[in-house]
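Quick notes on the structure that follows.
The values are calculated or read from the model by the stated rules, or taken from the named source; none is laboratory data. Owing to the predicted nature of the structure, the values given are computational and were not obtained by experimental measurement. Every residue, glycine among them, receives a Cβ derived from its backbone with ideal geometry; neighbour counts consider all protein chains shown. The protein model used for the area step is the full one, side chains on, heavy atoms only, and it has no ligands, DNA or RNA in it. Shrake-Rupley method; radii C 1.70, N 1.55, O 1.52, S 1.80 Å.
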Amino acid sequence: MASPKDYYQALGVTETATTDEIKKAFRRLAKQHHPDRNPTNPQAAERFKEINEAHDVLSDPEKRKKYDQLRRYGAFAGAGTGRRPGGGGGGGPTSGDFGVDFDLSDLGSFGGLGDLFSSIFGRRGTGKSDDAEEVVEASIAIPFRVAALGGKVPVTLPMTEVCPTCGGTGAARGATISTCPECKGRGIVSFGQGSFAVNRPCPVCRGRGKVPSDRCPTCQGSGDVRVEKRLMITVEPGTEDGTRVRLTGQGTRGRGDVVVVFRVESDRFFRREGLDIICVVPINLVQALLGSRIRVRTLDGRRVVLRIPAGTQHGQKFRIPGQGIEKNGRRGDQYVEMKVEIPERLTPEQEAAIKAFAEKTGLKY
């Protein structure tokens with residue numbers, strides 16, 4: 001099916017439409033004509049491609065400018081009315097006739113439309129090798145202590161796998177395979193005219209060049225199925241927020257890669273500064289004044305005894321050596337920050353005792 005004569009007409013907008021108006025029209029039409037919502041309508045895929053092709057050009061200022069120039073010169077008036085510079089054809093004017101030089105090399109791919117077709121029809125027929133599988137990216141949250149000490153975390157990812165019923169052929173059992181009537185076995189079809197012509201995977205055969213008489217009931221002829229794949233991810237000790245890990249061969253069809261981005265959750269007790277661990281421990285006023293011995297929890301779950309000297313100030317830190325994070329042969333320390341808690345209310349007896357203390361020590365109040 002030929003590309004629409006007018007991209008503005010394809011989206012139902014005027015030539016003066018703003019970028020926002022073009023995007024709104026595209027979203028509305030793409031949702032209406034998406035093949036997944038029209039499985040019994042073979043024309044939906046064609047209309048969907050037209051909408052995306054028009055949006056990809058009109059939403060890009062540079063592409064839209066060049067398209068508008070060619071459109072004014074009659075390049076899209078219809079088949080045979082325009083011709084390529086230096087070529088034969090109809091009597092319509094061309095860029096060569098007007099002495100205008102158009103560099104349309106950047107329009108050949110129509111931006112990210114190839115990725116769009118890849119997501120709809122799979123990667124077959126896009127000109128890429130089957131080995132060049134897409135990379136699956138996932139962001140997973142890991143507990144603070146797992147990030148600090150290391151460990152394993154499970155993750156479940158949606159992935160594309162070869163259909164187990166048809167083995168990727170898209171054909172039902174016993175179906176006959178014939179040459180695709182749409183692309184004549186090439187696996188690709190052309191859209192547009194002249195310098196705007198582009199090749200895309202055939203929507204009928206999904207780039208295979210062959211079509212079955214009956215589609216596989218499991219994958220509906222796509223040759224692929226979506227599955228939930230569960231992986232165990234190893235977290236190295238000292239992992240920081242934003243760390244990326246690549247798992248080779250764990251992606252789509254067992255050949256693509258998985259890239260995992262770790263998001264380290266905060267901890268109610270610990271926080272991290274480099275390889276050091278900071279924690280805040282509350283003590284009462286008497287402990288701060290007279291000194292005390294307290295038990296402090298470490299990162300690995302043990303408890304150590306820490307001596308608090310008399311006269312400890314609020315916010316003062318005490319170091320526990322070697323109880324921080326270990327990474328690359330280095331290990332940090334744990335710092336315990338004191339939080340001196342003051343009673344919010346006093347009984348009359350307590351208030352009298354505090355006043356007596358203040359008078360004896362010369363403290364003003």
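Figure note: Phe262, Phe144 ranked by solvent-accessible area, largest first, 1.4 Å probe, ligands and nucleic acids not counted: Phe144, Phe262. Accessible area per residue (1.4 Å probe, heavy atoms of protein chains only) ranks Arg255, Arg173, Arg71 as Arg173, Arg255, Arg71, with the largest value leading. So which of Lys152/Lys327; Lys31/Lys65; Lys23/Lys63 end up more than 21 Å apart by C-alpha? Cα-Cα > 21 Å for Lys31/Lys65; rest within. The heavy atoms of Asp36 offer some 120 square angstrom of accessible surface to a 1.4 angstrom probe.
Around the amide H of Cys216, modelled in the peptide plane, lie the amide H atoms of Ala171, Ala172, Gly221, all under 5 Å away and 5 or more residues distant in sequence or on another chain. Cross-link reach is defined here as a Cα-Cα straight distance under 23 Å, omitting same-chain residues fewer than 8 places apart; for Lys317 the lysines meeting it are Lys339.
Qualifying GluC sites (Glu not before Pro) in region 246-348, where qualification requires a DSSP coil assignment and no more than 10 other C-beta atoms within 10 Å, comprise Glu344. A probe of 1.4 angstrom, applied to the heavy atoms of all protein chains, finds Ile22 with accessible area near 0 square angstrom. The heavy atoms of Tyr8 present about 10 square angstrom of accessible area, all protein chains included, probe 1.4 Å.
A crude spin-label estimate for the pair Asn38 and Gln316, with each label 7 Å from Cα along the Cβ direction, gives 7.7 nm. Per-residue extension of 0.36 nm, minus the Cα-Cα distance of Glu62 and Ala138, leaves a gain of 24.0 nm for this segment.
Between Arg271 and Thr156, the C-beta separation translates, for a Förster distance of 35 Å, into a calculated FRET efficiency of about 0.75.
Distance between the C-alpha centres of region 141-187 and region 269-336: 50 Å, rounded to the whole angstrom.
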